[in-house]
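K.L.:
For reference, the structure I am asking about is given below.
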Amino acid sequence: MNAARGVRSGDLLYPTVALAAGIALWWTLSVALAIPSFLLPSPDEVAAQLVGNPRLYLVNALATVEKVVVGGAVGTAAGFGFGLVVGTIPLARRALYPYLVTVRVLPKIAIAPVLLIYLGTGFTTAVVFVALVTFFPLVVSTAAGLSRTPEPQLDLLRSVNAGPIDTLVRVRLPYALPDVFAGLKQSVTLAVVGAVVAEWVVARRGLGYLILLGMENLRTDIMIAALSVLVVVGLSCYGGVVLCQRAIVRRFPVTGTEP
Amino acid sequence: MIRVEGLTVSFETVTAVEGVDLEVGRGEFLTIVGPSGCGKTTLLHAVGGLQEPTEGRIRIDGEPPGRARDAGRVGLVFQEHTLLPWKTALGNVTFLRRIAGKPPDEPGARRLLDAVGLSGFLEAYPRELSGGMAQRVAIARALHLDADLLLMDEPFGALDEITRDELGVELRDLLRERETTVLFVTHSVPEAVFLGDRCVVLRGTPGRIEGVFDLDLPEPREPSLFTDRTFQEWVGEVRAALYVEASPRR
Ligand SMILES: Nc1ncnc2c1ncn2[C@@H]1O[C@H](COP(=O)(O)OP(=O)(O)OP(=O)(O)O)[C@@H](O)[C@H]1O
Ligand SMILES: [Mg+2]
């Protein structure tokens, strides 16, 4: 990180120190109070668990990533497409937008058991579930983004008789990009949540499953190890979207957008 | 070239302009002044084919405005520059022409940006330009359409006085050789008098034409004009039409 990106060295330094301090405190407490490791394992036990079974964590992390990526890709692509329809066809907008906003208050997690009935307990169910939770943020943000183009800009385009496709692709979509990415960031976070929930309900693999397994066997070290890997997975997915956004914002710098 | 007959434009709750009759000759520079909300923008939009008249009709060379618009004869400049933030100055100028379906002419775009004093900023992005520079790009963009009707809605409204005087002089110079017909809306009476061949005063709600002034001022219009007696008198007359109690309608 360098100053040119607006990140001062302290921005990275202080959180790192805080994390180290947190782990140190955890360590001290577990040793000083002699907490039994089935209640709270010490950091070194968790680390040993991770280092001792690299394949276990790698395989399960990949299983979770697979659901996030496949489900997320399907869900966001569909959401984007649907958002385009809602954002460009006034009739569709008027008819559907109220529902899209209403659906937000429905916890998508509640749908999981319903999917179970229709799709069974396999990979497909997990993917469909992840797709479902990532779908709605993209619809709403894409549709909202498409209304960001300044009115005079649209007048200008109409005054030269611009075609609807040109108007959409060359002007309205670039103006919508900040919203689309805001939606994508929401979606990617939800995708990880969705994948873990799906793994609790249907899967035989994945970090969510591992956490559940740890619980059933009172292995808190496995649970905490899986959780830390999950944090890394979540951050990487989010980071991927941010990198993507940076690259595109560099090409389409719509003012008022910071990555 | 433009003939407006009994134009009335109403929206759901308000009538913006009512009974406007106006004729504009080819190559004429017509300025329109009036208080906020008197329907200047609405009138401009109607002439540009962006707004259907509620009553009356508009003809551009005998055809409805929609035809002129579809033929790419109309150039628009707004108070805000409406440049696309992700395109360079040159990119913005060529973009609109391409969207209008006209053959590309990059050398022409470069010449125009040169003519508005931006030869050093072809590759600059809007955020790197001052308000005045951005507005110059917007003017170059409109001219690059090879439109013969230029509709300008308070194009210098967001600029400081020095810049707007400067730009006004340049704009007039640029247009003198081009036979471009201009409808130029402004809030500034001196600007309206300085730039206009004729000046229309629009006022009231709904907006009606209060007066039309034939500004026989020396050509070319130069900044020295601002201190000229006749100029001052015209400014006085236009002001009077704007501010006096509504006179009986003729
Ligand atoms: N699309 C619209 N829908 C409804 N009312 C409108 C619309 N456009 C303009 N009006 C109304 O018509 C009237 C004239 O508006 P217009 O924008 O033409 O005025 P103006 O002279 O350009 O004002 P300003 O100097 O502030 O730009 C106003 O009362 C405005 O509220
Ligand atoms: Mg206006």
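Taken together, the values in this text are just the output of simple stated rules run on the coordinates, not laboratory data. Computed from a predicted structure; not experimentally measured. Methodologically, a virtual Cβ is constructed for each residue, glycine included, from the backbone with ideal geometry; neighbour enumeration extends over all protein chains shown.
K.L.:
Check B:V185: other-chain or 5+ apart residues with amide H under 5 Å from its amide H, H built from backbone geometry?
P.N.:
Close amide H contacts, sequence-distant or interchain: B:I32, B:M152, B:D153, B:E154.
K.L.:
If you don't mind, there's one more thing I want to ask. Which three numbers, in whole Å and largest first, are the semi-axes of the equivalent ellipsoid of segment B:123-223 derived from its Cα gyration tensor as √(5λ)? Each step should come with its number before you reach the end.
P.N.:
Details: eigenvalues 114, 53, 41 Å².
Working from the Cα gyration tensor, I get semi-axes of 24, 16, 14 Å.
K.L.:
Residue by residue through A:164-177, how many Cβ atoms from other chains fall within 10 Å of the Cβ on average?
P.N.:
Numbers: counts 0, 0, 5, 1, 0, 0, 5, 4, 0, 0, 4, 3, 0, 1.
For peptide A:164-177, the averaged partner shielding equals 2.
K.L.:
Semi-axes, largest first, in whole Å: what does sqrt of 5 times each Cα gyration tensor eigenvalue give for chain B?
P.N.:
29, 22, 16
K.L.:
Using only the alpha carbons of the protein assembly as shown, what is the convex hull's orientation-averaged projected area in square nanometres?
P.N.:
32.3 nm²
K.L.:
Counting only other residues whose beta carbon sits under 14 Å from that of A:S30, what net charge do I get with K and R as +1, D and E as -1? Provide the component values of the computation, followed by the final result.
P.N.:
Details: positive: none; negative: A:D44, A:E45, A:D221.
Here the charged neighbours net out to -3.
K.L.:
Same structure, new question: Projected onto the charge dipole of chain B (+1 at Lys/Arg Cβ, -1 at Asp/Glu Cβ, origin at the Cα centre), which of B:P65, B:Y243, B:S130 gives the Cα projection farthest towards the positive end?
P.N.:
Ranked along the dipole, the leading option is B:P65.
K.L.:
Can I ask one more? Once whole DSSP H runs in chain A are found, which of them have Cα atoms spread over 27 Å or more along the helix axis and a mean Kyte-Doolittle score of at least -0.5?
P.N.:
Values: long enough: A:9-32 (34 Å, 1.20); A:54-88 (49 Å, 1.15); A:123-145 (33 Å, 1.98); A:173-201 (40 Å, 1.18); A:220-251 (47 Å, 1.41).
Those that pass (Cα extent of 27 Å or more, hydropathy at least -0.5) are A:9-32, A:54-88, A:123-145, A:173-201, A:220-251.
K.L.:
In degrees between 0 and 90, to the nearest 10, how far off the longest principal axis of chain B does helix B:229-243 point, with axes built from Cα atoms?
P.N.:
60 degrees
K.L.:
How crowded by other chains is B:84-93, given as the mean number of beta carbons from other chains within 10 Å of each beta carbon? Before the final figure, lay out each step's value.
P.N.:
Values: counts 8, 8, 11, 4, 0, 0, 0, 0, 0, 0.
Mean shielding count: 3.
K.L.:
I need the semi-axes of the equivalent ellipsoid of chain A: take the C-alpha gyration tensor, multiply each eigenvalue by 5, square-root it, list largest first in whole angstrom. Kindly include the intermediate steps, with their values, before the conclusion.
P.N.:
Details: eigenvalues 343, 125, 35 Å².
Ellipsoid half-lengths, sorted descending, are 41, 25, 13 Å.
K.L.:
Moving on to the next point. Segment A:184-252: D in µm²/s via Stokes-Einstein (Kirkwood Rh, Cα pairs, 20 °C, 1.002 mPa s)? Don't skip to the answer; put the middle values down first.
P.N.:
Numbers: Rh = 13.2 Å.
It diffuses with D of about 163 µm²/s by this estimate.
K.L.:
Which one of A:F123, A:A195, B:T13 is farthest out on the positive end of the charge dipole of the protein assembly as shown, using unit charges on Cβ (Lys, Arg +1; Asp, Glu -1) and the Cα centre as origin?
P.N.:
A:F123
K.L.:
Can I ask one more? Reported to two decimal places, what Rg/Rh ratio describes segment A:35-122 when computed on Cα atoms with Rh from the Kirkwood expression?
P.N.:
Rg divided by Rh gives 1.21.
K.L.:
Let me ask something additional. Taking every alpha carbon pair in segment B:81-146, what does the distance histogram look like in 10 angstrom bins from 0, in percent?
P.N.:
The calculated distribution, bin by bin, is 25, 62, 13.
K.L.:
Please report, in Å, the Rg and the Dmax of segment A:12-158, where both are computed over Cα atoms only.
P.N.:
23.4, 74
K.L.:
In debye to the nearest 20, how big a dipole does the protein assembly as shown give about its Cα centre with +1 on each Lys and Arg Cβ and -1 on each Asp and Glu Cβ? Mind dumping the intermediate values first?
P.N.:
Numbers: 48 positive and 52 negative charges, 442 e Å.
So the dipole magnitude of the protein assembly as shown works out to roughly 2120 debye.
K.L.:
Can you compute the charge dipole magnitude of segment A:41-255 about its Cα centre, using +1 on each Lys and Arg Cβ and -1 on each Asp and Glu Cβ, nothing else charged? Give it in debye, rounded to the nearest 20.
P.N.:
580 debye
K.L.:
I've got another one for you. When the convex hull of the Cα atoms of segment A:118-177 is projected onto a plane and the area is averaged over all directions, what value comes out in nm²?
P.N.:
Working: hull surface 21.7 nm².
In nm², the orientation-averaged hull projection of segment A:118-177 is 5.4.
K.L.:
Under 4 °C and 1.567 mPa s, how fast does segment A:78-127 diffuse according to Stokes-Einstein, given a Kirkwood radius computed over C-alpha pairs? Answer in µm²/s, whole number. It would help to have the intermediate numbers written out before the result.
P.N.:
Details: Rh = 12.8 Å.
Translational diffusion coefficient: 101 µm²/s.
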